[in-house]
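To keep things clear, I will list the structure first and then write my remarks on it.
The values are calculated or read from the model by the stated rules, or taken from the named source; none is laboratory data. Because the structure is a prediction, the values reported are computed rather than measured. All Cβ positions, glycine included, derive from the backbone under ideal geometry; neighbour counts span all protein chains shown.
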Amino acid sequence: MGTVPLVEYPIVLIAYRVAALISQPSRLSGLLRRVGGAYFNEPELLVARAYALQSHIPVMYAIVLICSGAMVATFWGEAPDVMVIYLPLLLAAVCVWRTTRWWRSRDFEITPFMAARMMRMTVLFAVVLGCSFAAWGIALSNYGGPQERAYVTFFLSLTPIGCLFCLMHLRLAAYALALTVLLPTLVYLHFTDQHVLLLNLLLVEAVMIAILIRNSVQFDELVRSRLDARQREETARELSEVNGRLANMDALTELPNRRHFLALLKERLGARKPGHELIVGIVDLDGFKSINDVFGHAIGDQVLKDVGTRLSQLVRPGTIVARLGGDEFGLVMPSGTRTEDLDASAAAIVGALQQPFRYANAVARLSGSVGFAESRHDDTAEMNLARADYAAYAAKGKTRGSAVRFSDEHAHRIAIERRLEAALMAADLATELEAVFQPIVDVRSGERIGYEALARWRSPTLGQVSPADFIPIAERLGLVPIITRAMVVKAQAMLHDVPAPLRIAVNLSVLDLASIDAMQLLSQTLAASPVKPCRLDFEITETAVMRDMGEATEALLMLLAHGARISLDDFGTGHSSLSRVQLLPLNRIKVDRAFVATIESDRASQAIVKTTVDLCHNLGLDCVIEGVETQGQLNALMGLGARLFQGFYFGKPLGAGDVTAYHRAAAARRLA
């Protein structure tokens with residue numbers, strides 16, 4: 001057995017290692033995973049490296065093939081065929097196969113999994129081919145003369161430098177190539193006594209690797225910065241989508257909100273065909289506040305969700321269902337909805353909302369007043385919605401739990417109301433309002449014991465306007481506190497002209513009681529008057545008080561501090577309980593006229609009036625019966641113990657001059 005030349009020891013060692021790795025590919029793959037595990041943990045960066053290497057790897061293999069071809073030409077005829085034909089062809093076939101794989105990767109999108117596999121295979125073949133070409137080149141150095149061996153040195157020294165630059169985006173592969181090619185080359189140069197070239201190559205390789213590392217790191221940082229920018233853009237887009245949903249969706253019911261509803265309505269109005277008008281609906285829940293008060297807001301919120309669900313299930317396909325706010329829902333029916341379909345939908349909605357809402361510890365009941373309005377050719381979304389809202393308001397005023405379609409009559413009312421609104425906004429209510437006074441009579445003496453001041457408005461542009469017309473609009477416009485103060489001033493002026501102990505009552509609205517500013521201004525009006533308010537009564541309704549008991553009591557105590565008294569008006573028609581009435585600082589209760597109309601025949605009305613009269617007597621309060629119009633009613637009420645009355649039977653509301661004249665005449669009669 002012969003000895004192996006010293007120069008061939010590296011070749012034998014490299015060949016042994018390559019054979020071991022090739023014979024156990026799982027071992028090499030495991031090694032790569034352990035060494036490069038952290039390197040493969042950034043999927044997006046891996047994909048970016050793969051795309052960059054798509055153009056670099058084919059160039060690298062082209063360099064290797066060209067330099068290998070030159071090696072074959074140099075040693076042709078000098079080395080055996082296995083060294084210049086068969087082994088180079090095998091290595092070239094592997095290079096061409098790898099080049100083809102990389103070139104074909106241009107035809108499909110690279111996923112992170114594919115990129116990781118491509119990177120591992122590149123590192124693997126950097127080791128395998130690097131060892132193979134290094135072993136081949138060193139083996140060829142045993143053949144030929146000095147010129148051929150010089151080319152081997154050129155091949156082993158310069159070819160890897162070009163390959164390293166092509167692998168700069170995959171540093172792990174570059175490091176593997178440097179170890180498997182340059183290390184054997186350095187050993188080869190050492191044993192062939194080319195020490196100057198060895199040192200030169202070490203220096204050049206060190207500089208090249210430093211440049212490679214810097215460029216590779218810069219590439220990674222650039223990719224990461226782009227990924228960060230893309231991530232920020234994605235986050236911004238997601239936030240924009242979330243904000244868009246929040247801006248356009250009701251968070252509780254997950255239905256479109258008012259803003260989105262109007263946008264969708266505007267879109268459909270713009271897309272409708274001539275003669276195919278839209279139907280817009282408003283569903284206003286009746287009795288929802290009571291559900292919140294009795295069962296709490298958690299049940300109230302669940303009821304709203306279920307209302308939205310019921311509406312969505314009932315309407316025809318293509319109908320927009322939205323929550324407009326509070327207890328109000330909106331509908332946009334498909335273009336071309338027929339009258340019979342609309343009537344059927346309205347009946348289904350009204351019927352579904354009347355069905356109880358059953359929960360674990362509560363059964364909630366309500367109804368819905370529905371208003372529909374057909375679009376017109378010159379409509380805006382807001383105009384169409386306003387007409388539907390007016391129809392729903394009319395339905396609520398007509399019969400709760402019914403449906404009303406906007407008509408020409410409603411349009412006429414709106415026109416009148418707009419004129420009233422404009423006139424009210426421009427009015428000097430302090431001078432344009434007139435006070436009339438309806439007597440309150442004690443039947444035992446037959447004398448008037450006081451009056452209720454009622455507002456009348458004579459507009460310079462509209463003339464005399466009924467309170468039934470202008471008071472609701474004044475409430476909507478927030479003008480009621482101004483009317484209240486004007487009426488207080490006129491009532492105090494009348495107190496100056498009528499003899500004591502006559503009293504005058506002024507009505508207080510819920511808007512007065514609910515506003516601290518309004519009550520403070522009213523208090524200032526009372527304090528500024530030369531007439532003491534000790535003969536002034538303020539009438540409040542049950543509804544106004546029960547809306548916020550604590551707030552109402554505080555407001556009433558402010559008035560009592562001036563010496564005024566408090567009366568509870570329209571008693572029996574609201575939602576108050578006797579226990580709550582007892583807590584209020586009252587001096588008088590006025591029974592609503594609804595019980596008087598049937599007092600002669602209705603036993604229930606008689607029982608209610610009798611109970612109220614007895615209650616007032618026991619609490620030390622005055623009890624006034626409103627709305628008395630006939631002798632028969634008066635007799636029946638007197639039989640129940642009532643003695644204080646107000647109504648047309650005792651006199652219609654009088655102007656200030658008539659009241660003054662009446663009491664002057666009465667005083668003259670007493671003197672005579």
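Points worth noting:
- Per the conditions (1) surrounded by fewer than 19 Cβ atoms within 10 Å (Cβ to Cβ); (2) of a type in the set (G, A, S); (3) assigned to a helix (DSSP H, G or I), the sole criterion not satisfied by G308 is (1).
- Test set (1) touching a residue at least 40 places away in the same chain (Cβ under 8 Å); (2) of a type outside the set (F, W, Y); (3) closer than 22 Å to R376 by Cα - R224 fails condition number: (3)
- Residue within segment 229-242 that is under 60 Å from the mean Cα position of the chain (by Cα) and closer than 22 Å to L53 by Cβ present: yes
- Residues of segment 177-193 that are of a type in the set (D, E, K, R) and either part of a helix (DSSP H, G or I) or within 60 Å of the chain's Cα centre (by Cα) (or both): none at all.
- Qualifying residue in segment 258-278 (condition: in a loop (DSSP other than H, G, I, E, B), acidic (D, E) and modelled with pLDDT of 90 or more): no
- Segment 362-372, subset more than 27 Å from the chain's Cα centre (by Cα) and touching a residue at least 12 places away in the same chain (Cβ under 8 Å), residue surrounded by the most Cβ atoms within 10 Å (Cβ to Cβ): A362
- From the options G330, G281, residue that is assigned to a strand (DSSP E or B), more than 20 Å from the chain's Cα centre (by Cα) and at pLDDT 90 or above: G281
- Cβ-Cβ distances below 6 Å connect the following pairs, each with a first residue in segment 576-595 that is under 21 Å from A564 (Cβ atoms) and of a type outside the set (S, T, Y), a second residue that is modelled with pLDDT of 70 or more and assigned to a helix (DSSP H, G or I), and a separation of six or more residues or different chains: P585/L556; P585/L560; I589/C616.
- Among residues of segment 272-304 being touching a Ser or Thr at 6+ places or on another chain (Cβ under 8 Å) and exposed (fewer than 14 other Cβ atoms within 10 Å of the Cβ), the one that is nearest to G368 (Cα to Cα) is H276.
- Criterion: of a type in the set (G, A, S), modelled with pLDDT of 80 or more and under 60 Å from the mean Cα position of the chain (by Cα) - qualifying residue of A174, A150: A174
- Helices (runs of 4 or more DSSP H) within segment 555-650 that include 2 or more residues among the β-branched types (V, I, T) and in contact with a Cys (Cβ under 7 Å, 6 or more places away or on another chain): 603-619
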